[in-house]
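Some notes on the structure that comes next.
Read the figures in this text as sums done on the coordinates, not as results from a lab. Fair warning: this is a prediction, and the values are worked out from it, not measured in the lab. As a convention, Cβ positions derive from the backbone with ideal geometry for all residues, glycine included, and neighbour counts pool all protein chains shown.
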There are 2 protein chains.
Amino acid sequence: MTGNRVCTLFKIEYPIIQAGMVWVSGWRLASAVTNAGGLGMIGAGSMRADLLEEHIVKCKQATNKPFAVNLPLFFSELQQQIDVILKHEVPIIFTSAGSPKAYINQLKAKGSTVVHVVSSSKFALKAQDAGCDAVVAEGFEAGGHNGKEETTTLVLINAIKNTVQLPIIAAGGIATGRQMLACFALGAEGVQVGTRFVCTHEASAHINFKNSIVEAEEGDTLLQMKKIGAVRLLRNPFALAVKEAEERGATSDELHTLLGKYRAKKGMLEGDLKDGELEIGQVSSIIKDIVSASSVVKNIWEEFNQTLASLNKVI
Amino acid sequence: MTGNRVCTLFKIEYPIIQAGMVWVSGWRLASAVTNAGGLGMIGAGSMRADLLEEHIVKCKQATNKPFAVNLPLFFSELQQQIDVILKHEVPIIFTSAGSPKAYINQLKAKGSTVVHVVSSSKFALKAQDAGCDAVVAEGFEAGGHNGKEETTTLVLINAIKNTVQLPIIAAGGIATGRQMLACFALGAEGVQVGTRFVCTHEASAHINFKNSIVEAEEGDTLLQMKKIGAVRLLRNPFALAVKEAEERGATSDELHTLLGKYRAKKGMLEGDLKDGELEIGQVSSIIKDIVSASSVVKNIWEEFNQTLASLNKVI
């Protein structure tokens, strides 16, 4: 794409970025997306430093093109993760869930590109001031942990476009070329796609989880647990138990107890659809198949171009 | 717009429709939007039959171009409202909040066009089967009463485009030409704009309410009262009281008592920013001025075209 700052920044062919997600995005998915011309990303949020190192090494063996690591900035092992990232000179780092300010110099020490994930204009401005190279603007639709403002992608990208000069990568609710083009109309120069890539052969999500996304209908994901950190959950017995608890006014402590530990791993990696926590995006309802990661890139890109051509015809 | 089915259906110049809203959209706003080349709409949701008749008559005096009436299908006076609409041969009727099936033959008896407002693919299909001429697909971002699925405009329009053949009018989160183009990318052929038209000179909203929209920031509207019918409220002492009640698990009865009666009129028409109910869209955060209705139409249309031209340059 001529003049597209996201392609230039990452040295990629298509401005389609695979989101780094807990339990589902290891080296297989990341390298497949990168080899297809997008930007693949290892999700370090569910990896201790030694496992992260293994995934980085394997990803480098599987592709010689650029890939990224997503690094949530809240882990007790954060410094060890950073050390591994620096040791292997990962070219692109997406930070999230915290402020990049304290880490950016360290992360850029070996020439890496640093992108921060934000859910509001205020945080986008902070990321720009901190020296980030781009921002991911993630709307209410996204799976996983979301901003408390509940601003949707349609409103958020337009608002951030009015606020910062940095390249904007839109995230939340994007699985199709139509949705990608919509985000470009709003001012984005790239898209970050999560849920659609979970439903690929290369994602390490359990097949039960993949199938449950394919079967999901409108209204089957809801933003829950707002008192202890909002997260979008796919409807299952666990999510319904959370809903019931929230409706009767459960406290933060009760929600923490209900959540317990390792539920995301149990659901997303081990396929326990009853007791597991299934974090996934609202766009699940329009995903109807499990395909290869390269088809996802190809299909989004083709529909993006076809839609733009058809818009030009109508207007 | 050549080949645009929404322009053809309504006999209008631009596929920009002003939402019919309670307390804020009478004949002044409707005729101003219609005269500017869009489709203006009287919101019958806050009008008894005699007041509705007065607005229809005045709207006809103020414009000789097509305008619409929005008719929520739950009023005790519904039949009297319908009688007035039929008597004056209102050319376009937007039904909402109910099923159009029982009323469509009556409403179409004098050749009117009937459009139904939906918040899911399932309801869009029902509207198509009932014989509606188009659907308004309204996302989570919208002000007023919203679908329980919480599907955002970015996901909803794409989903409905995959489901029905009817022309789709996107609503919820649209105040700019960028957002209009985004909705066209998703498959819409028109947009329905509410909040942006509330901040016009012609809207009958109280000036205090208009000013509070202009001052709103991201996160200042939230979908509340889900137990008794979700409604998006602008943050004020009343909305905060609702939030506090919901967080402690207030029952439907408690919420009904807290809401009481006439709060929407008190807030939106009479300007009581403390005790009034202020129903408004999430896009409030990017609206920064109060202008004329014709400027809204002009600005959205110009930005829509400029954005499309700039997209073509980048790609």
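Which distances in nm, rounded to one decimal and ordered from shortest, link the label point of B:Thr251 to the equivalent label points in the other identical copies, with labels set 7 Å from Cα toward Cβ?
Inter-copy label distances (nm, one decimal, shortest first): 2.3.
Classify the stretch B:152-309: rounded, prolate or oblate, from the alpha-carbon gyration tensor (a ≥ b ≥ c, eigenvalue square roots; a/c under 1.5 rounded; otherwise prolate if a/b is larger than b/c)?
oblate
Considering only Cα-Cα distances, which of the following residue pairs are longer than 24 Å: A:Lys227/B:Lys288; A:Lys226/B:Lys148; B:Lys226/B:Lys266?
With Cα atoms farther than 24 Å apart: A:Lys227/B:Lys288.
Could you please point out the chain B residue with its Cβ nearest to the axis of the rotation taking chain B onto chain A, and the distance in whole angstrom?
Spelled out as residue then distance in Å, it is B:Gly249, 1.
For the stretch A:182-231, evaluate the Debye formula with one uniform point scatterer on each Cα (no solvent term) and list log10 I(q)/I(0) at q = 0.18 Å⁻¹, rounded to two decimals.
Taken in order of the listed q values, log10 I(q)/I(0) reads -0.86.
Can you give the translational diffusion coefficient of the stretch B:31-183 in µm²/s, computed by Stokes-Einstein from the Kirkwood radius over Cα pairs at 4 °C and 1.567 mPa s?
The Stokes-Einstein estimate is 81 µm²/s.
How large are Rg and Dmax for chain B when only the alpha carbon atoms are used, in Å?
18.3, 56
Can you tell me the order of A:302-313, A:29-40 when each peptide is scored by its average per-residue count of other Cβ atoms within 10 angstrom, highest first?
In decreasing order of mean packing, A:302-313, A:29-40 become A:29-40, A:302-313.
Rg and Dmax of the stretch A:208-284, using alpha carbons, in Å: what are they?
11.8, 33
Pull up all non-local amide H partners of A:Glu141: gap of 5 or more, or a different chain, and H-to-H distance under 5 Å with H placed in the peptide plane.
A:Thr153
Given H placed 1.01 Å from N in the peptide plane, which residues other than close sequence neighbours of B:Val24 have an amide H under 5 Å from its amide H?
Those qualifying (amide H under 5 Å, at least 5 residues apart or on another chain) number zero.
Would you work out if the stretch B:129-227 is rounded, prolate or oblate? Take a ≥ b ≥ c from the square roots of the eigenvalues of the alpha-carbon gyration tensor; rounded if a/c is under 1.5, else prolate when a/b is larger than b/c, oblate otherwise.
Judged from the Cα gyration tensor, the stretch B:129-227 comes out prolate (a/c at least 1.5, a/b above b/c).
For B:Lys313, which aspartates and glutamates qualify as cross-link partners when the Cα separation must be under 19 Å and same-chain residues fewer than eight apart are set aside?
Straight-line reach from B:Lys313, under 19 Å: A:Glu13, A:Glu189, A:Glu302, A:Glu303, B:Glu302, B:Glu303.
With θ taken as phi - 60° and the coefficients 6.51, -1.76 and 1.60, list the Karplus ³J(HN,Hα) couplings across the stretch A:199-216 in order, rounded to whole Hz; mark glycine and proline as x.
Running phi through 6.51 cos²θ - 1.76 cosθ + 1.60 with θ = phi - 60° gives 8, 10, 4, 7, 5, 8, 4, 5, 4, 4, 5, 4, 4, 5, 5, 4, 7, 5 Hz.
How far is B:Gln61 from the same spot in each other copy, in nm, shortest first, if each label point sits 7 Å from Cα toward Cβ?
Once sorted, the set of distances for B:Gln61 reads 8.3 nm.
Between the DSSP loop rule and a limit of at most 12 other Cβ atoms within 10 Å, which chymotrypsin sites (Phe, Trp or Tyr not before Pro) in the stretch B:64-143 are left?
Within the stretch B:64-143, the qualifying chymotrypsin sites (Phe, Trp or Tyr not before Pro) (loop, at most 12 other Cβ atoms within 10 Å) are B:Phe74.
When the helices in chain A are scored as -39500 (n - 2.57) per DSSP H run of 4 or longer and the sum is shared across all residues, what 222 nm value do you end up with, to the nearest 500 deg cm²/dmol?
-11500 deg cm²/dmol
Taking every eigenvalue of the Cα gyration tensor of the stretch B:125-186, multiplying by 5 and rooting it, what semi-axes result, largest first, whole Å?
Largest first, the stretch B:125-186 gives 19, 14, 10 Å.
Cross-link partners among aspartates and glutamates for A:Lys108, C-alpha distance below 13 Å, same-chain residues fewer than 8 apart left out?
Here the aspartates and glutamates satisfying the reach criterion relative to A:Lys108 are A:Asp83, A:Glu89, A:Asp133.
Considering every pair of different Cα atoms, what Kirkwood radius, in Å, is found for the stretch B:55-104?
11.6 Å is the Kirkwood radius here.
Could you please report the charge total around A:Ala44, scoring K, R as +1 and D, E as -1 over all other residues with beta-carbon less than 11 angstrom from its beta-carbon?
Taking every other residue near A:Ala44 into account, the sum is -1.
In a shell of Cβ-Cβ distance under 15 Å around B:Gln306, excluding B:Gln306 itself, what net charge do Lys and Arg (+1) and Asp and Glu (-1) give?
Every neighbour counted, the sum reads +2.
Amide H neighbours of A:Leu39 under 5 Å, at least 5 residues apart or on other chains, H built in the peptide plane: list them.
A:Ile16, A:Ile17, A:Gln18
How high is the FRET efficiency between A:Ser252 and A:Glu217 when r is their beta carbon distance and R₀ equals 30 Å, given to the nearest 0.05?
Computed FRET efficiency for A:Ser252 and A:Glu217: 0.45.
Counting other Cβ atoms within 10 Å, which GluC sites (Glu not before Pro) in the stretch A:5-111 have at most 16 and lie in a DSSP loop?
Here the sparse-neighbourhood loop sites are A:Glu13, A:Glu77, A:Glu89.
Looking at chain A as a GNM with Cα springs under 10 Å, which of A:Gly98, A:Gly111, A:Gly249 has the largest mean-square fluctuation?
Taking springs between Cα atoms under 10 Å, the residue moving most is A:Gly249.
Would you mind computing Rg(Cα) / (2.2 N^0.38 Å) for the stretch A:1-79, counting N as its residues?
Cα-based Rg divided by the globular estimate yields 1.10.
Which whole-Hz ³J(HN,Hα) couplings does the stretch B:154-163 yield from phi under the Karplus relation 6.51 cos²θ - 1.76 cosθ + 1.60, θ = phi - 60°, glycine and proline marked x?
Computed from phi, the couplings for the stretch B:154-163 are 4, 8, 5, 5, 4, 5, 6, 4, 6, 10 Hz.
Classify the protein assembly as shown from the C-alpha gyration tensor, please: rounded if a/c falls under 1.5, else prolate or oblate depending on whether a/b exceeds b/c.
prolate
Label points 7 Å out from Cα along the Cβ direction at B:Ser310 and A:Asn162: separation in nm?
Distance between label points: 1.4 nm.
In nm, to one decimal, how far is the B:Lys274 label point from the B:Arg48 one, both placed 7 Å along Cα→Cβ?
About 3.0 nm separates the two model spin labels.
Residue-wise, which Karplus ³J(HN,Hα) couplings in Hz belong to the stretch B:80-88, taking 6.51 cos²θ - 1.76 cosθ + 1.60, θ = phi - 60°, and x for glycine or proline?
Values, residue by residue: 5, 4, 4, 4, 5, 4, 5, 4, 9 Hz.
Looking at chain A as a GNM with Cα springs under 10 Å, which of A:Pro72, A:Pro237, A:Pro91 has the largest mean-square fluctuation?
Comparing A:Pro72, A:Pro237, A:Pro91 in the GNM, the peak value goes to A:Pro237.
By how many nm would the segment from A:Lys265 to A:Lys11 lengthen if fully extended, with 0.36 nm per residue of separation less the alpha-carbon distance?
The span from A:Lys265 to A:Lys11 would gain 88.1 nm if fully extended.
How far apart are the B:Gln106 label points across copies, placing each 7 Å from Cα toward Cβ, in nm, shortest first?
7.0
Around A:Phe67, with a cut-off of 14 angstrom between Cβ atoms, what is the net charge of the other residues, counting Lys and Arg +1 and Asp and Glu -1?
That sum, taken over residues with Cβ under 14 Å, equals +2.
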